[in-house]
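This report concerns only the one structure given below.
Quick note: the coordinates plus some simple rules give every number you see, no bench work behind them. Worth saying up front: this structure is predicted, and the values here are computed from it rather than measured. Reconstructed Cβ throughout: ideal geometry from the backbone, glycine too, with neighbour counts over all protein chains shown.
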Amino acid sequence: MSHPFESLPTPPLGDELLDKAFSRGARTGRAKSGLDAQSSMLQTAANIISDNLENVVTAWPDIESLHPFYRDLADAIVGVDSLRQHLNEVGWASRKATEIRTEYQPRLRRTDTETARKHRKQAYARLADIVEEVEDDLEALMETRETLRVLPDIRPDRPTIVVAGYPNVGKSSFVNTVTRASNEEASYPFTTTQVHVGHVEHEHIQYQLVDTPGLLDRPPAERNAVESQAVSALSHAADAVLVVLDPSGTCGYPLELQERLRADIEDRFSVPVLSVYNMLDRMDEGDTEAVEGEQTMSVATGANVDAVLDTAIEAVDYEPELPIDEG
């Protein structure tokens, strides 16, 4: 299963579309003569413009029917209201091209050849104006397509564990370790940070582990609107969240702040939110009392890492869909 924006076709730009329509129209006209030639030229050109613009619109998935993860992600990156507006404008232009053809065809059939040629040229000029009017919309859809089609391969239909916490607490190291470095890395268009997507198999089920530095490593008040929307998207994909904390303080953030971020994440996500205290290898023996009774690990030494992964997988409580028995 690919994500819904991955195979979007490239929309034509204005000059390209007009050149295709009018050159094809001229070729059609050369095969005929008189009024038939003028009528065929207009019909061919108008149909090419109308059909191509309609195909631009229908190629896009219906925004409202998208999984909430993809809808919120598209909203974070490009704004779904803006996307709808561009698609509506292109749809209008498609219908307008058909209207122009319908308006001029009777005129071409009820006059002499020279007058018909003038009418056909008038229709061509109006078609060109229509395409020019949506040139910016076509360019915007081109840019949107290029942005959305290369989204990281996070699939909300798969069991997903989102790994969160402040920077330098060991999130990426944990994901790399438990997935045996079988992770992918990609940049989301709304942030310069890297998103790590790792996969691990447990009892024949593949789980996604998503580490999102730059999104879930600081309190909500410090996120911009786009990042907040991206967090909303992740909330639709997550089946569990694992918050990694560093009680040693070597990450540069007090444990109190880290635990406050964990509380914010618990408020945002409606799935199990687990905590694990990492970097115990860096703590003095007397300082471990601060996390007594909590789940702990050391990614650096490998201590308890697999047990933490097992706990997170158990929290997902994923039940694969069974095939329907039609017998």
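Available extension along the chain between Ser270 and Glu99 is 56.5 nm, counting 0.36 nm per residue and deducting the alpha carbon span.
Let's test the formula: R0 of 25 Å, r as the Cβ-Cβ distance of Met142 and Asn224. What FRET efficiency results, to the nearest 0.05? Computed FRET efficiency for Met142 and Asn224: 0.45. Dividing the summed -39500 (n - 2.57) terms of all DSSP H runs of n ≥ 4 by the residue count of the chain sets its mean residue ellipticity at 222 nm at -17000 deg cm²/dmol. Of all DSSP beta bridges located in the chain, what percent are antiparallel, nearest 5? If I count the DSSP bridges inside the chain, around 50 percent turn out antiparallel.
Among 35-47, 110-122, 267-279, the peptide with the highest mean count of other Cβ atoms within 10 Å heads the list, and the full ranking is 35-47, 267-279, 110-122.
Evaluate E = 1/(1 + (r/R0)^6) for Glu314 and Arg27, where r is the Cβ-Cβ distance and R0 equals 56 Å; express this FRET efficiency to the nearest 0.05.
0.25
Relative contact order of the chain: what whole-number percent is it, with Cα pairs under 8 angstrom and at least 6 residues apart? Averaging sequence separation for qualifying contacts and normalising by length gives 16 percent for the chain. Counted residue by residue at 0.36 nm each, then reduced by the alpha carbon distance between them, the extension gain from Glu201 to Arg109 reaches 26.2 nm. Its Cα centre serving as origin, the chain has a Cβ charge dipole (Lys and Arg +1, Asp and Glu -1) of approximately 3080 debye.
Across the stretch 14-148, the mean sequence separation of Cα contacts (distance under 8 Å, 6 or more residues apart), normalised by length, yields a relative contact order of 32 percent.
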